[in-house]
Amino acid sequence: MNKKKLTIKETLSLAWQKHQANDLNAAEKLYKEILRIRPEDFQSLFLLGSLFAQKQRFDSAKKLLIKAIEIEPKNLAGLNNLGNVLNELGDASKAIECYRKAIEINPNYADAYNNLGVILKESGEYKKAVTCYEKALKIQPNKINVYNNLGIIFQEYGEMEKAINCYKQL
């Protein structure tokens, strides 16, 4: 059989299909194939870094996401995912920097507000966390995970009516 060699664009598309289908090993192999040919390919760096985060290979994810952000410093998803990875690695202060930078670039980026709220809640800054969650919901009123996070805080503070209202949105 004569196998047609895929272009980088076709390989990236196939890798993303595998990634979405949760065939992470096949996707990883394809992303790495692209990076062997084009080591500065932002999409492959970002997606492979995100894939490593899914596989809980956080050190590898961090390296790739940092490299991706060096190429596209204003990429919101890259900053957000790097923040998530840094938080998983126990570096909350650097994670907060990533989320705040994403918010600075785009004040309407709900995911960064939500993730910043998570870290603030974990560090006991409940009022600031509530503010972040409320901003996220103002931007994207249908974000179920934010209602859940907000409900948890209200429940912990004994504000049961507010908690129930949040949980009703789930």
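The values are calculated or read from the model by the stated rules, or taken from the named source; none is laboratory data. Since the model is a prediction, treat every value here as computed from it, not as a measurement. Every residue, glycine as well, gets a Cβ built from its backbone with ideal geometry; the counts of neighbours run over all protein chains shown. Just the protein is used for accessible areas: all its heavy atoms, side chains included, with ligands, DNA and RNA removed. Shrake-Rupley method; radii C 1.70, N 1.55, O 1.52, S 1.80 Å.
Through the Karplus equation 6.51 cos²θ - 1.76 cosθ + 1.60, θ set to phi - 60°, convert the phi angles of segment 28-44 into ³J(HN,Hα) values in whole Hz; use x for Gly and Pro.
4, 4, 5, 4, 5, 4, 5, 5, 5, 7, 9, x, 9, 6, 4, 4, 5
In 5 Å bins starting at zero, report the fraction of Cα pairs in segment 84-170 per bin as a rounded %.
Calculated over all Cα pairs of segment 84-170, the distribution is 3, 17, 25, 25, 18, 9, 4, 0 percent.
Just to confirm, what accessible area per residue do you get for the chain at 1.4 Å probe, in whole Å²?
Heavy-atom SASA per residue in the chain reads 59 Å².
In whole Hz, with x marking every Gly and Pro, tabulate ³J(HN,Hα) for segment 5-15 from phi via Karplus 6.51 cos²θ - 1.76 cosθ + 1.60, θ = phi - 60°.
Once θ is set to phi - 60°, the couplings for segment 5-15 become 6, 6, 6, 4, 4, 5, 5, 5, 4, 5, 4 Hz.
If R₀ is 45 angstrom, what is the calculated FRET efficiency for the pair Glu70 and Gln155, using the beta carbon separation as r and rounding to 0.05?
0.65
Could you tell me the relative contact order of segment 1-149? Use alpha-carbon pairs under 8 Å, at least six residues apart, and round to a whole percent.
This gives 12 percent for segment 1-149.
Over all distinct Cα pairs, what is the inverse of the mean 1/r for segment 37-107, reported as the Kirkwood hydrodynamic radius in Å?
After inverting the mean inverse Cα-Cα distance, the result is 11.7 Å.
Sticking to Cα atoms, compute the Rg of the chain to one decimal and its Dmax as the biggest Cα-Cα distance, whole number, in Å.
Looking at the chain, its Cα Rg and Dmax stand at 18.5, 68 Å.
Using 1/(1 + (r/R0)^6) with R0 = 25 angstrom and r between the beta carbons of Lys127 and Lys168, what's the FRET efficiency to the nearest 0.05?
0.65
A 21 angstrom limit on the alpha carbon distance is what I want to check against. Which of Lys63/Lys127; Lys62/Lys138; Lys29/Lys55; Lys128/Lys168; Lys32/Lys63 exceed it?
Those over the limit are Lys63/Lys127; Lys62/Lys138; Lys128/Lys168.
So what are the ³J(HN,Hα) numbers for segment 77-92, from phi and the Karplus equation (6.51, -1.76, 1.60; θ = phi - 60°), rounded to whole Hz, Gly and Pro as x?
My calculation for segment 77-92 gives 5, x, 4, 5, 5, 4, x, 4, 5, 4, 4, 4, 7, x, 9, 4 Hz in order.
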